[in-house]
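Throughout, read-outs are computed from the coordinates displayed, never taken from laboratory work. Everything numeric in this text was worked out from a predicted model, so none of it was measured. Please note: Cβ atoms are built from the backbone with ideal geometry, for glycine as well, and neighbour counts cover all protein chains shown.
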Amino acid sequence: MSEPFLIGDTMTGGYGKGPDILHDCTIAVNPGEIAVIVGPNGAGKSTAMKAVFGMLEVRTGSVRLDGEDITSLSPQDRVIKGMGFVPQVRNIFTSLTVEENLEMGAFIRKDDFKDTMAQVYDLFPILKEKRLQAAGELSGGQRQQVAVGRALMTQPKVLMLDEPTAGVSPIVMDELFDRIIEVARTGIPILMVEQNARQALEIADKGYVLVQGRNAHTGTGKELLADEEVRRSFLGG
Amino acid sequence: MTDFLNALVALTNFVIVPGMAYGAQLALGALGVTLIYGILRFSNFAHGDTMAFGAMATIFITWTFQAWGISFGPLPTAILALPFAIMITALVLLGTDRVVYRFYRRQKSDPVILVIVSMGVMFIMNGIVRFMIGVGDIRFSDGERFIISARDFKAATGLKEGLAIKTTQGITIVTAIIVVAILFWFLNKTRTGKSMRAFSDNEDLALLSGINPERVVMVTWIIVGALATVAGTLYGLDKSFKPFVYLQLLLPIFAAAIVGGLGNPLGAIVGGFIIAFAEVTITYPLKKVLGYLLPESLEPDGLVQLLSTDYKFAVSFVILLIVLLVKPTGIFKGQSV
């Protein structure tokens with residue numbers, strides 16, 4: 001198999017000088033795909049994603065984007081390389097308007113970003129309606145749309161979402177998943193950490209089940225959903 | 001009717017006009033404090049002495065201009081000196097940041113450490129200012145003294161009470177409006193201004209978005225230098241320049257910033273006027289105004305001065321305490337202290 005577009009290859013590491021949280025963990029995603037990281041609480045799902053994004057030290061193993069080794073780059077430099085990241089919490093500028101949030105997303109761009117903003121508004125029509133409102137006044141689901149929209153403003157080559165549906169109602173969750181599929185259809189590879197394992201695996205092209213910082217199961221979303229052990233351990237039967 | 005007008009004029013003359021001017025000065029000072037709090041995330045105790053430094057720079061340049069025979073017609077020469085003084089103060093602040101604050105920023109020090117560091121800066125700046133210009137009272141206002149003098153007002157209206165508006169009071173209010181308008185335009189309309197607000201709102205996300213923190217900090221110090229110089233100069237023009245007074249001004253300025261909501265520029269302005277009017281109203285003897293309004297039988301015997309002017313700082317203290325107890329985030333939902 002050829003090298004995936006973005007891969008965190010056999011990563012071992014932890015926060016600061018603390019103990020290792022990840023052990024030989026591998027996560028990869030290809031264009032047009034949605035890759036989902038699932039697993040029980042404390043399995044290191046978010047940590048794995050942060051490792052890929054450079055927010056903690058990867059002691060062994062490497063992170064490669066489009067064949068280039070980016071293991072030593074800071075998160076900021078990775079954004080410039082084309083990685084878009086949506087943190088789980090505090091992922092919008094609450095006191096800025098929706099439009100200003102998007103502008104700040106495009107801060108590193110020196111060219112005209114009007115078109116990208118129009119695309120984001122096409123993707124999330126509600127944001128266009130509320131573009132002059134402070135982002136902090138929006139509902140949970142709308143805030144997540146702002147957060148994803150902000151990350152899309154750099155025209156990233158890969159989009160990473162850390163629990164995009166945390167704390168939103170099931171209806172809003174379905175809608176968010178629909179949007180995420182739409183983003184993936186534009187060709188942007190999506191790497192996502194999800195608490196709602198079943199729904200996430202349903203839309204996933206590739207699934208990673210992590211347990212205690214190790215790859216426990218890997219496969220397509222359908223395979224994992226069909227896997228007896230995965231079902232029993234993580235999906236509640 | 002004339003009684004009512006006389007009461008109104010007396011109130012305007014002794015409370016409203018001085019309150020507006022003082023409020024504008026406090027608002028400009030509080031804006032500087034609130035910007036530092038929002039972006040560098042600490043309470044800058046050196047701000048009062050930064051204002052003193054800025055005013056001192058203005059005075060030296062004013063004296064130089066006067067020696068050269070340059071004047072600004074009816075307006076104080078200090079206004080001409082202001083842009084140069086702003087440049088000097090901004091450079092000094094950038095230097096202080098480079099030598100002192102940046103070290104602690106790199107260490108990711110707690111805000112409380114930075115507060116204490118800023119107190120050190122405060123003492124040094126205070127010493128420098130006293131050393132350079134002396135501790136005495138300095139009046140550096142020249143040009144026309146009044147926009148309307150009490151005598152002219154009485155002659156024009158035939159009222160018993162006079163209304164005087166000093167040039168410095170007029171200049172204070174006009175300058176404050178201009179400065180605040182520019183500041184809000186900058187923060188809300190320019191890319192750099194928006195990035196400053198974004199950085200103040202959510203530092204981590206700002207970094208992720210590629211906003212350069214050192215640049216944001218630099219621009220902030222320059223703006224704070226400008227605000228402090230303008231506020232210090234206006235206060236010095238209106239009253240007189242005395243280094244120690246600026247140290248005392250720190251309390252009403254912080255009270256204003258906290259009442260409005262720390263980190264919120266609009267709050268700083270509203271807070272400034274609240275503190276100023278509270279101070280002026282409570283320390284002004286209302287006997288004269290009430291004397292016009294009330295029938296003779298009810299006329300008060302005493303001065304109806306709620307608090308002697310010697311205690312004016314107590315007013316800021318009390319307001320500060322009430323706000324911290326009841327609504328610690330201030331009126332405009334700033335960050336809590």
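Per DSSP H run of at least 4 residues, take -39500 (n - 2.57); add these up for chain A, divide by its residues and hand me the 222 nm value, nearest 500 deg cm²/dmol.
Numbers: 10 runs with 88 residues, N = 237.
Computed ellipticity for chain A at 222 nm equals -10500 deg cm²/dmol.
Name the residues whose placed amide hydrogens come within less than 5 Å of the amide hydrogen of residue B:166, ignoring near sequence neighbours (fewer than 5 apart) on the same chain.
B:147
Hey, got a sec? Which trypsin sites (Lys or Arg not before Pro) in the stretch A:1-77 land in a DSSP loop and have at most 14 other Cβ atoms within 10 Å? Walk me through the numbers before you get to the answer.
Working: sites: A:17, A:45, A:50, A:59, A:64; in loops: A:17.
Of the trypsin sites (Lys or Arg not before Pro), the ones in loops of the stretch A:1-77 whose Cβ has at most 14 other Cβ atoms within 10 Å are A:17.
Please report, in debye to the nearest 20, how large the charge dipole of the stretch B:62-145 is about its Cα centre when each Lys and Arg carries +1 at its beta carbon and each Asp and Glu carries -1 there. Display every interim value, and only then the final one.
Numbers: 8 positive and 5 negative charges, 86 e Å.
The dipole magnitude comes to about 420 debye.
Hey, can you list the DSSP H helices of chain B whose Cα span along the axis is 20 Å or longer and whose average Kyte-Doolittle score is at least -0.5? Kindly include the intermediate steps, with their values, before the conclusion.
Values: long enough: B:17-39 (33 Å, 1.36); B:47-68 (32 Å, 0.58); B:77-96 (28 Å, 2.22); B:111-133 (32 Å, 2.14); B:167-189 (32 Å, 1.60); B:213-238 (37 Å, 1.16); B:243-260 (26 Å, 1.96); B:265-283 (27 Å, 1.76); B:312-326 (22 Å, 2.91).
Going by DSSP H runs, the hits are B:17-39, B:47-68, B:77-96, B:111-133, B:167-189, B:213-238, B:243-260, B:265-283, B:312-326.
Quick check of the Kirkwood formula: for chain B, what is the inverse mean of 1/r over all pairs of different Cα atoms, in Å?
One decimal place: 21.0 Å for the Kirkwood radius.
For the protein assembly as shown, take N as its residue count and report Rg(C-alpha) divided by 2.2 N^0.38 Å. Mind dumping the intermediate values first?
Numbers: Rg = 30.2 Å, N = 574, 2.2 N^0.38 = 24.6 Å.
Dividing the Cα Rg of the protein assembly as shown by 2.2 N^0.38 Å gives 1.23.
To the nearest 500 deg cm²/dmol, what mean residue ellipticity at 222 nm is calculated for chain B from DSSP H runs of n ≥ 4 alone, each contributing -39,500 (n - 2.57), summed and divided by the residues? Intermediate results must be reported in sequence, preceding the final value.
Details: 15 runs with 236 residues, N = 337.
So the calculated ellipticity at 222 nm is -23000 deg cm²/dmol.
Give the distance, in whole Å, between the Cα centre of the stretch B:47-74 and the Cα centre of the stretch B:301-328.
The distance from the Cα centre of the stretch B:47-74 to that of the stretch B:301-328 comes to 33 Å.
For the stretch A:20-26, just list the computed ³J(HN,Hα) in residue order, Karplus coefficients 6.51, -1.76 and 1.60, θ = phi - 60°, integers in Hz, with x standing in for Gly and Pro.
Listing the rounded values in order: 5, 9, 9, 10, 6, 8, 10 Hz.
Could you give the size of the charge dipole of the stretch A:107-206 about its Cα centre, using +1 on the Cβ of each K and R and -1 on the Cβ of each D and E, expressed in debye and rounded to the nearest 20?
Working: 13 positive and 15 negative charges, 70 e Å.
It works out to roughly 340 debye.
Would you work out which of B:240, B:300, B:53 lies farthest towards the positive end of the dipole of the stretch B:2-326, given +1 charges on the beta-carbon of Lys and Arg and -1 on that of Asp and Glu, about the Cα centre?
Checked the options; the winner is B:53.
Just tell me which lysines come within less than 16 Å, Cα to Cα, of residue B:333; anything on the same chain fewer than 8 places away is out.
Residue B:333 reaches no qualifying lysines.
Collect residues whose amide H, placed 1.01 Å from N in the peptide plane, falls under 5 Å from the amide H of residue B:332; neighbours closer than 5 in sequence don't count.
Excluding prolines and chain starts, which carry no amide H, the hits are B:261.
How large is ³J(HN,Hα), in whole Hz, for each residue of the stretch B:100-109 in order, when computed from phi with the Karplus curve 6.51 cos²θ - 1.76 cosθ + 1.60 and θ = phi - 60°, using x for Gly and Pro?
Going residue by residue, I get 10, 5, 4, 4, 6, 5, 4, 6, 6, 5 Hz, with x marking Gly and Pro.
Convert each backbone phi in the stretch A:142-155 into a coupling constant with the Karplus relation 6.51 cos²θ - 1.76 cosθ + 1.60 (shift: θ = phi - 60°), then list the ³J(HN,Hα) values in order as whole Hz, x for Gly and Pro.
3J(HN,Hα) across the stretch A:142-155, in whole Hz: 5, 4, 5, 5, 4, 4, 5, x, 4, 5, 6, 5, 7, 6.
Between beta-carbons, use under 14 Å as the cut-off and find the net charge around residue B:168, counting Lys and Arg +1, Asp and Glu -1. Provide the component values of the computation, followed by the final result.
Numbers: positive: B:139, B:145, B:166, B:239; negative: B:142, B:144, B:238.
Residues near residue B:168 contribute +1 overall.
Among the listed pairs B:154/B:287; A:50/B:189; A:50/A:110, give every one whose C-alpha distance is greater than 29 Å.
Numbers: B:154/B:287 20 Å; A:50/B:189 34 Å; A:50/A:110 27 Å.
Distance filter (> 29 Å) returns A:50/B:189.
Along the positive direction of the dipole of the stretch B:2-326 (beta-carbon charges: Lys, Arg +1; Asp, Glu -1; about the Cα centre), which of B:278, B:22, B:217 reaches farthest?
The listed residue farthest towards the positive side: B:217.
Give the cross-link partners of residue A:17 among the aspartates and glutamates, using a straight C-alpha distance below 15 Å as the criterion and excluding same-chain residues fewer than 8 apart.
By straight Cα distance, residue A:17 reaches A:57.
Between residue B:181 and residue A:132, what is the FRET efficiency for a Förster distance of 22 Å, r being their Cβ-Cβ separation, to the nearest 0.05? Write down the numbers at each step before the final one.
Values: r = 21 Å, r/R0 = 0.94.
It comes out at approximately 0.60.
Could you give the dipole magnitude of chain B about its Cα centre, charging the beta-carbon of Lys and Arg +1 and that of Asp and Glu -1, in debye to the nearest 20? Numbers along the way, then the final one.
Numbers: 25 positive and 19 negative charges, 167 e Å.
The dipole magnitude comes to about 800 debye.
Net charge near residue B:252, counting Lys/Arg +1 and Asp/Glu -1 over other residues with Cβ under 12 Å of its Cβ? Don't skip to the answer; put the middle values down first.
Working: positive: B:312; negative: B:279.
Net charge around residue B:252: 0.
Search the structure for amide H atoms under 5 Å from the amide H of residue A:191, placed 1.01 Å from N in the peptide plane, and list their residues when 5 or more places away or on another chain.
Under 5 Å from the amide H of residue A:191: A:35, A:159, A:160, A:161.
For the stretch A:100-169, what is the convex hull (Cα atoms) projected area averaged across all directions, in square nanometres?
Details: hull surface 19.5 nm².
Mean orientational projected area (the stretch A:100-169, Cα hull): 4.9 nm².
Rounded to the nearest angstrom and ordered from largest down, what semi-axes does the equivalent ellipsoid of chain A get from its C-alpha gyration tensor (root of 5λ)?
Largest first, chain A gives 28, 21, 16 Å.
Please give me the summed charge of the neighbours of residue B:185: other residues whose Cβ is under 15 Å from its Cβ, Lys and Arg +1, Asp and Glu -1. Could you put the intermediate results ahead of the total?
Details: positive: B:189, B:191, B:194, B:197; negative: A:100.
Charge balance near residue B:185 sits at +3.
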